[in-house]
1. With every protein chain left in place and a probe of 1.4 Å, what is the accessible surface of Ile223, to the nearest 10 Å²?
2. Tell me the label only: which of (1) 65, 51, 30; (2) 75, 37, 30; (3) 59, 48, 29 is Cα extents along the principal axes in Å as calculated from this structure?
3. Name the shape class, rounded, prolate or oblate, that the alpha-carbon gyration tensor gives for segment 1-138, where a ≥ b ≥ c are the square roots of its eigenvalues, rounded holds for a/c under 1.5, and otherwise prolate holds if a/b is larger than b/c and oblate otherwise.
4. Which whole-number percentage describes the relative contact order of segment 191-266, with Cα contacts under 8 Å and a sequence gap of 6 or more?
5. Glu82 to Asp225: extension gain in nm, 0.36 nm per residue of separation minus the Cα-Cα distance?
6. Within the set of other residues whose C-beta is less than 14 Å from the C-beta of Asn214, count the net charge using Lys and Arg as +1 and Asp and Glu as -1.
7. Ignoring ligands, DNA and RNA, what percent of the accessible area of the chain is carbon or sulfur (1.4 Å)?
8. If each residue of separation counts as 0.36 nm, what is the full-extension length gain between Lys74 and Lys8 once their alpha-carbon separation is subtracted?
Amino acid sequence: MGITNNLKQLKNKEDEYGFVSFYLNTDIGEGGQPSEEWKIKYKKAVNGLKQYADKSETKDEKNAIKKITDDIEKYIEDHRDELQKSIIIFASGDGSTWESDIFQVPVETEVMWEPTPQTEQLEKLEKTFPPTAILLTNKQDVYLIDTSMGVVREEMQFHWDVDNEDWQEYKGTASADRTAAGSTQVDKVQKRFEENRHRWYKSLAPVINKQMKNRGLDTAYIIGDKEYAKDLEDNMGERVKEVINKNLISTPTHEILNEIYPENVR
């Protein structure tokens with residue numbers, strides 16, 4: 001997830017030609033804009049860029065804006081089937097910077113050509129929908145979903161290795177893998193885990209807290225069966241914003257996000 005991870009660096013960048021800051025609302029869901037309205041706004045935004053190019057007094061600047069405009073049109077065409085609520089793009093005239101993301105939060109459509117990236121709208125969104133951890137509990141497996149602005153930045157798994165009595169970490173876990181991991185439990189292992197789970201969950205809490213700190217995740221939602229969710233909550237402290245007692249271990253990640261985000265970002 002490039003833009004939110006690189007927001008600080010973006011704010012400090014400057015280009016001698018200029019920066020395009022491109023915000024496009026693509027929301028066509030219930031309560032959003034009519035299905036064709038985003039396309040009209042998109043055309044106006046692209047035409048706005050072309051007008052910037054036409055008004056330019058230098059050939060280099062004119063060519064830079066036209067190149068970025070072509071790249072934006074190609075990006076949106078290539079990702080047309082992936083559109084959610086919005087697209088945000090920052091691109092420099094010299095070609096050294098291109099940051100683009102598709103988001104599950106709505107934006108106000110606007111396009112700007114300035115010496116520096118115009119990040120104000122993005123910063124407001126990040127404050128409204130801050131980086132958040134979703135923790136799925138499933139007996140001896142706990143999954144951390146790192147989210148920001150309704151988008152998953154990364155997933156990782158903590159699996160309790162009974163033989164070594166230690167939590168093992170794995171990155172890049174998808175919903176199908178969560179299902180597989182939860183289905184390979186052996187009765188003997190389950191029994192031993194149940195006998196020691198309070199102590200073992202207690203040892204996991206500081207590991208998760210450290211991950212959250214390193215990732216800039218201030219709050220966490222815990223989702224899982226009541227017993228396991230409570231064990232984790234009791235040891236996580238004030239970071240836990242809410243506990244949801246549902247078994248969503250095999251649920252697609254975008255549906256899990258619906259459990260914590262309000263309707264306007266679903």
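The values are calculated or read from the model by the stated rules, or taken from the named source; none is laboratory data. Keep in mind that this is a model prediction, so the values were computed, not measured. Virtual Cβ from ideal backbone geometry, glycine too; neighbours counted across all protein chains shown. The area values use the complete protein model at the heavy-atom level, side chains included, leaving out ligands, DNA and RNA. Shrake-Rupley method; radii C 1.70, N 1.55, O 1.52, S 1.80 Å.
1. Roll a 1.4 Å probe over it and Ile223 shows about 0 Å².
2. From the options (1) 65, 51, 30; (2) 75, 37, 30; (3) 59, 48, 29, the structure gives (2).
3. Values: a/c = 2.21, a/b = 1.39, b/c = 1.59.
Here segment 1-138 falls in the oblate category.
4. Values: 59 pairs, mean separation 21.0, N = 76.
Answer for segment 191-266 is 28 percent.
5. Details: separation 143, 0.36 × 143 = 51.48 nm, distance 3.21 nm.
Net length gain for the segment: 48.3 nm.
6. Values: positive: Arg153, Lys171, Lys210, Lys213, Arg215, Arg239; negative: Asp146, Glu154, Glu169, Asp218.
Neighbourhood net charge equals +2.
7. Numbers: 6070 of 13880 Å².
Reported share for carbon and sulfur atoms: 44 percent.
8. Values: separation 66, 0.36 × 66 = 23.76 nm, distance 2.67 nm.
Stretched out fully, the Lys74 to Lys8 stretch lengthens by 21.1 nm.
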